[in-house]
Amino acid sequence: MAFLEEGGYFDVPIQVASARLGLGVTTLKRVCRASNMKRWPFRKRNSLGRLIDRTKQVLDDGTGQDNMQKLAALQVLEKQRQVMRSCQSKDMDEKIKSYRQAIFKLDHAERKRGEAPATTIQNPLMTKLTATSAVQRILPGQERLESQAQSSSSADN
């Protein structure tokens, strides 16, 4: 499996990887399943890469607090990317799945309105969802508490 990782085969769809290797898709799947890899990791990796790009785009508003949260969120996402590169069968953490869902909701609202990129949406089933509140979903507990304390102290001023 290290050969496939080093060759960048996990970063392309399985059909492309099998063609580059000169193997059939079924043969490649059998080799992967023999190595305890249930699914080809391209889609998970691609999704995580798009999530990192979208995080950079949504939270790029220049305020200090959002930049701190953005850096913390990006560190969590990059750490998850490294974990997925070291173990292809590893699934995303639940916090990252929740964050991904929140970002997808922002994107859906943006496409539905056909407007400029959304940073805030109103959902009757949820309280106000913002890109910053989405980031709160993946921050570790201590960083979440510190950022909430910073936001409350800046609101008091």
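Rule-based calculations on the coordinates, nothing more; no lab input. The shown structure was predicted, so the numbers you read here are calculated from the model rather than taken from an experiment. Cβ placement follows ideal geometry from the backbone for every residue including glycine, while neighbour counts extend to all protein chains displayed.
For segment 85-101, backbone phi angles converted through the Karplus equation (6.51, -1.76, 1.60; θ = phi - 60°) give residue-by-residue couplings of 6, 7, 9, 5, 7, 5, 8, 5, 5, 5, 5, 5, 4, 5, 4, 4, 4 Hz, Gly and Pro being listed as x. Separation of the alpha carbons by more than 31 angstrom is noted, of LYS56/LYS90; LYS90/LYS112; LYS38/LYS112; LYS29/LYS105; LYS29/LYS95, for LYS90/LYS112; LYS38/LYS112; LYS29/LYS105. As a calculated quantity, the FRET efficiency between ALA34 and LYS90 at R0 = 22 Å, using C-beta atoms, amounts to about 0.75. Modelled this way, with points 7 Å down the Cα-to-C-beta line, the labels at LEU74 and ASN46 are 2.4 nm from one another.
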